[in-house]
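Encoded as structure tokens, the structure appears first; notes follow it.
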Amino acid sequence: MTTKLFRISYLSIVVAVAAVTAGAAGPTTAQAPPPDVAPQEFARRVQDRINAIDDFSADFVQTYQGGALRKRATERGRVQIKKPGRMRWTYTAPEEKLFVADGRKMYFWVPADKQVVVRDVPPDDQAATPVLFLTGKGQLVRDFTVSYTTVEQAPAGTVALKLVPRRQERDYDWLTLVVDRSSLALRMLVAGDSAGGVSTFSFSNLEENTGLPDGSFTFKVPRGADVVTQ
């Protein structure tokens, strides 16, 4: 179970380096595409927005639904991300967990299990497509086939872009970015896997480009914890 959660947390979350979230809005079904704007051109505008962000913090709600067991799980917490390749995801409910990436290593700590999973950050030639966004080398139009789509329960005034990776990925089949039509702020990230599971991340209370210190992304193995290296 820990390994599965580790993959979901890492590969799905990485694209959220683009997350610039505006205030909350009522749920609807997203969303008609902008008139007279091709999805590739709209994706380029979103890419420019991504490139302007060096770091951000936000509250998140993560929902996973489906898969082989057709289960539904909802978790929440706070995220901090800083380019290149540094992340800290603090899960607060329903279970305390911590995911930290310092640019070289990734750590997933579950206090209830007294276990830390440690993994190297993969090199570019082995990295999943979303990982490249954290190194500043990912490009939406280059790395994905882009089209407009719809997403239930998306905030009003948003546009949904479906991204299908141009090379096969092990842990997901497609991603959808739900962005504000005007500001291009990312409101939601949805990822679908080959087993039919769907992970949805919703972001709020964003603070961007605040100069997060590198110390926020260090991890010290707790005393007595088992360390599993992958």
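The values are calculated or read from the model by the stated rules, or taken from the named source; none is laboratory data. All of these numbers come straight from a predicted model, not from anything done at the bench. Here Cβ is always computed from backbone atoms with ideal geometry, including for glycine, and neighbour counts include all displayed protein chains.
Name the residue that is modelled with the lowest pLDDT, counting only residues in region 183-230 that are among the aromatic types (Phe, Trp, Tyr) and not in a loop (DSSP other than H, G, I, E, B). Explain how you work it out, then say what you get.
Narrowing region 183-230 to residues among the aromatic types (Phe, Trp, Tyr): 201, 203, 217, 219.
Checking which are not in a loop (DSSP other than H, G, I, E, B) leaves us with 201, 203, 217.
Values: PHE201: 87, PHE203: 84, PHE217: 94.
Per the stated criteria, the residue is PHE203.
Sort through THR158, THR149, THR135, THR129 and tell me the only one that's of a type in the set (Ser, Thr, Tyr), modelled with pLDDT under 80 and touching a strand residue (DSSP E or B) at 6+ places or on another chain (Cβ under 6 Å).
Selected residue: THR129, the only one of THR158, THR149, THR135, THR129 that is of a type in the set (Ser, Thr, Tyr), modelled with pLDDT under 80 and touching a strand residue (DSSP E or B) at 6+ places or on another chain (Cβ under 6 Å).
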Problem - Matching residues, region 48-76, being modelled with pLDDT of 85 or more, closer than 20 Å to GLN153 by Cα and of a type in the set (Gly, Ala, Ser) - result: ALA58, ALA73
Practice task
Identify the single condition in (1) closer than 24 Å to THR150 by Cα; (2) touching a Ser or Thr at 6+ places or on another chain (Cβ under 6 Å); (3) at pLDDT 85 or above that ALA38 does not satisfy, given that it satisfies every other one.
Solution key: (2)
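Restricting attention to region 160-182, which residues are assigned to a strand (DSSP E or B) and of a type in the set (Ser, Thr, Tyr)?
From region 160-182, those assigned to a strand (DSSP E or B) are 160-165, 174-180; that's our starting set.
Across region 160-182, the qualifying residue is only THR176.
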